[in-house]
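Please read the structure below before turning to the comments.
The values are calculated or read from the model by the stated rules, or taken from the named source; none is laboratory data. Since the model is a prediction, treat every value here as computed from it, not as a measurement. In this analysis, Cβ positions are derived from the backbone assuming ideal geometry, glycine residues included, and neighbour counts consider all displayed protein chains.
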Amino acid sequence: MIGRLFTAGCAVLLVWLAATGLTFAQQTDPKLWEEIQALKKGQEEIRRQLLEIKQLIQSRPAAAPAAPDVRNVPIDLGNRPAKGSTAARLTLIEFSDYQCPFCARHTKDTNPQLQKEYVDSGKVRYVFFDMPLENLHKSAFKAAEATRCAGDQGKYWEMHERLFANQQMLEPWSAHAKALDLDVAVFDTCMNSGKSANAVRADMATAQQLGINSTPTFFLGVTDPGNPARVKGLSLVRGALPFGTFKMEIDKALAADAAEK
């Protein structure tokens, strides 16, 4: 389109020159030459501006899909791993993948701040849901199983932290079990049996029901005071975002909850 416009502009100029019967001497007339040069500069400026517009359009990222509305959507936590008080008014659920680099960044950079300011203070309970992206990360599903097998021996969170810290060296799984002083034989039996696979699939099914398709994604909800295992959705936070983003969402939810009392 831009090339055709420029070519057409040049053709118009050539026709105009021919129609006027300009001789070489006339073209070199100072006044006429200035007019021609000004016209050429104008065309070049138009071409440059059109190219800039084209580049801007091409570089514009595709619009991100709208976040699903999770307000008032309930989630049953069951006996999934959690940190913090069951009396906390808010619950933050992380849907995550042990081979996702952005998930590891959140675990390292942002989660400690969330833990210190909100979980340790009793304001927010933190729950982890497994969402291995199997088409991208071949070891993520077994990693999720590994944390649950470690949990059978009381070291779920220790394995959780260790796998995120060692994303490039996930296998052999027994090496992590040994490093955490687990009974390696019992751990290996758990891993080989696939006993935790259905629990991991259940987490993945919950993510699908909520319309969550990327990791990490966080579901912020209100804890049911009569049943701490039940959470009613407020909002979603997508991505390994700065602590300030989480703080804004959590503080807004806490303020709204306080206003309702």
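Residues that are within 19 Å of residue 246 (Cβ to Cβ) and touching a helix residue (DSSP H, G or I) at 6+ places or on another chain (Cβ under 8 Å) within the range 118-159 comprise 118, 123, 124, 125, 126, 128, 129, 131, listed in sequence order. Taking residues in the range 66-92 that are over 13 Å from residue 236 (Cβ atoms), and partners anywhere that are assigned to a loop (DSSP other than H, G, I, E, B) and of a type in the set (A, V, I, L, M, F, W, C), the pairs with Cβ atoms closer than 8 Å and at least 6 places apart or on different chains are 91/77.
Here residue 115 meets the list (1) closer than 28 Å to residue 223 by Cα; (2) at pLDDT 95 or above; (3) in contact with a helix residue (DSSP H, G or I) (Cβ under 9 Å, 6 or more places away or on another chain) almost entirely, failing just condition (3). Taking the range 66-91 as the range and being in contact with a Gly (Cβ under 6 Å, 6 or more places away or on another chain), polar (S, T, N, Q) and closer than 17 Å to residue 203 by Cα as the test, only 91 passes.
Name the residues in the range 105-137 that are buried (at least 20 other Cβ atoms within 10 Å of the Cβ) and without any contact (Cβ under 8 Å) to a residue 24 or more places away in the chain, would you? Across the range 105-137, the qualifying residue is only 111. Comparison of 206, 215 shows that the only residue that is of a type in the set (S, T, N, Q), closer than 30 Å to residue 121 by Cβ, in contact with a Phe, Trp or Tyr (Cβ under 9 Å, 6 or more places away or on another chain) and part of a helix (DSSP H, G or I) is 206.
Among the residues of the range 218-242, what is the count of those that are in a loop (DSSP other than H, G, I, E, B) and out of contact with any His (no Cβ under 6 Å at 6 or more places or on another chain)?
Looking only at the range 218-242, we keep the residues that are in a loop (DSSP other than H, G, I, E, B), and these are 225-226, 239-242.
Pick out the ones that are also out of contact with any His (no Cβ under 6 Å at 6 or more places or on another chain) and you get 225-226, 239, 241-242.
Going through the range 218-242 one residue at a time, the tally reaches 5.
Of all residues in the range 160-179, those satisfying the criterion of being over 28 Å from the mean Cα position of the chain (by Cα) and surrounded by 15 or more Cβ atoms within 10 Å (Cβ to Cβ) are 174, 177.
If you check residue 182 against the conditions, is it hydrophobic (A, V, I, L, M, F, W, C), more than 19 Å from residue 92 (Cα to Cα) and either not assigned by TED's automatic domain parsing to the domain that holds residue 241 or not in a helix (DSSP H, G or I) (or both)? Please lay out each step first, then the result.
Values: hydrophobic (A, V, I, L, M, F, W, C): yes; more than 19 Å from residue 92 (Cα to Cα): yes; either not assigned by TED's automatic domain parsing to the domain that holds residue 241 or not in a helix (DSSP H, G or I) (or both): yes.
Judged against the criteria, residue 182 is a match.
The residue that is nearest to the chain's Cα centre (by Cα), among those in the range 189-200 that are assigned to a helix (DSSP H, G or I) and surrounded by 14 or more Cβ atoms within 10 Å (Cβ to Cβ), is 200.
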